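One structure is given below, encoded as structure tokens.
The values are calculated or read from the model by the stated rules, or taken from the named source; none is laboratory data. Just so it is clear, the structure is predicted and the values come from calculations on it, not from any experiment. Note that we place each Cβ from the backbone using ideal geometry, even for glycine, and neighbour counts take in every protein chain shown. Surface areas here come from the heavy atoms of the whole protein model, side chains and all, with no ligands, DNA or RNA. Shrake-Rupley method; radii C 1.70, N 1.55, O 1.52, S 1.80 Å.
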Amino acid sequence: MPFLSNYNRIKSLRNGLKSFFPRHGDAEDAHVHKIATEFTVVTQGVVEMNGVRYVSGDIIVIEPGEATNFRAITDAVTTVVKIPGAPDDKYTA
């Protein structure tokens, strides 16, 4: 599966805050953060994380040490907030 952060459909708003614009079928293999808690807000479309489908308005919280993957079921818009905004805090699960 391709790694989403290699796509041009990402806009970095601030350290630890990014908007993603995945297209149907875009996916990311499982990863984990050792420091940051990751909040994903689905603002448009349908996505799947860890086998659970989420729709516009859903907020997903991934705690440090908890693995997650990602797949866009439809074209989507998500905003991801990592607290603290720790650079290089992403590891293959």
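If we scan the stretch 5-18, do we find a residue that is hydrophobic (A, V, I, L, M, F, W, C), exposed (fewer than 14 other Cβ atoms within 10 Å of the Cβ) and modelled with pLDDT of 95 or more?
No; the residues of the stretch 5-18 include none that is hydrophobic (A, V, I, L, M, F, W, C), exposed (fewer than 14 other Cβ atoms within 10 Å of the Cβ) and modelled with pLDDT of 95 or more.
Scan the stretch 64-93 and report the pairs whose first residue is more than 17 Å from residue 18 (Cα to Cα) and whose second residue is in a loop (DSSP other than H, G, I, E, B) and among the β-branched types (Val, Ile, Thr), with Cβ atoms within less than 9 Å and a gap of 6+ or a chain change.
Pairs that qualify, where the first residue is more than 17 Å from residue 18 (Cα to Cα) and the partner is in a loop (DSSP other than H, G, I, E, B) and among the β-branched types (Val, Ile, Thr), are 64/35.
Restricting attention to strands (runs of 3 or more DSSP E) lying wholly within the stretch 20-93, give those where 1 or more residues are open to solvent by 50 Å² or more (accessible area, probe 1.4 Å), of a type in the set (S, T, N, Q) and at negative phi. It would help to see each step written out before you state the result.
Details: elements: 27-32, 37-44, 46-49, 52-55, 59-62, 68-72, 77-83.
The qualifying strands (runs of 3 or more DSSP E) are 37-44, 68-72.
Among the listed residues 68, 37, 74, which satisfies the condition of being at pLDDT 95 or above and in contact with an Asp or Glu (Cβ under 8 Å, 6 or more places away or on another chain)?
Every option except 68 fails the conditions.
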